[in-house]
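This report refers to the structure that appears directly beneath it.
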Amino acid sequence: MYEGPVQDLIEELGRLPGIGPKSAQRLAFHLLTIEFADAERLANTIVAVKQKVRFCARCFNVSEREECRICRDPRRDPSVICVVEEPRDLMAMERTGEFRGRYHVLGGAISPIDGVGPDDLRIKELMTRIGDENITEVVIATNPNIEGEATASYLARILKAMELRVSRIASGLPVGGDLEYADEVTLGRAFAGRREL
Ligand SMILES: [Zn+2]
């Protein structure tokens, strides 16, 4: 145990995903050595992101306004929705330059082990959008792992009853991986090779 603020910092950093006690300690001691201005900028950036950034009211992407940059863009096709798990997957898809519709961010994937069921995701919101926005096609781009596949099959099942084209991005992505780690070319190909469900 260290004293006061150093221990507080180690504990705060240790709360972050993927940061174990050792990494938290290493980061804390790194932060102790940086310039005051750099520390201040980091602290201010964290506060600013909490004050200014929220979720898009339509697609739940991160946004500085009521609706995100993509939902506000009149050049995007409003009749096609690409469903992703997290905003970072949306960014990965954007980097491919292949998709010209809008998105829907679920906020995770179905995972019984972690206690995440369909009701914990923004699936109800997706169904409302399909009803309200004249959606003709839904592309399911959840991650190519167990949770992502379970989510894709669940969505395929409930969307089947509706009159739309439903497709899943092609396999060929590294199995068990996340979209965000796939390079643009691979993900672009997976999108182009999407198969109808
Ligand atoms: Zn949006």
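Net length available on complete extension from Glu67 to Thr136 is 22.7 nm, with 0.36 nm assigned per residue and the Cα-Cα distance removed.
Per residue, the accessible area of the chain comes to 60 Å², computed with a 1.4 Å probe over protein heavy atoms only. Taking a ≥ b ≥ c as the square roots of the eigenvalues of the alpha-carbon gyration tensor, the range 37-159 is classed oblate because a/c is 1.5 or more while a/b is no larger than b/c.
Quick one: with all protein chains in place, what share of the accessible area of the chain is carbon or sulfur, to the nearest percent (1.4 Å probe)?
Reported share for carbon and sulfur atoms: 54 percent.
The values are calculated or read from the model by the stated rules, or taken from the named source; none is laboratory data. Since we're looking at a predicted model, the values are computed, not measured. Ligands, DNA and RNA are stripped out before the accessible areas are found, and what is left, the full protein with its side chains, is counted by its heavy atoms. Shrake-Rupley method; radii C 1.70, N 1.55, O 1.52, S 1.80 Å.
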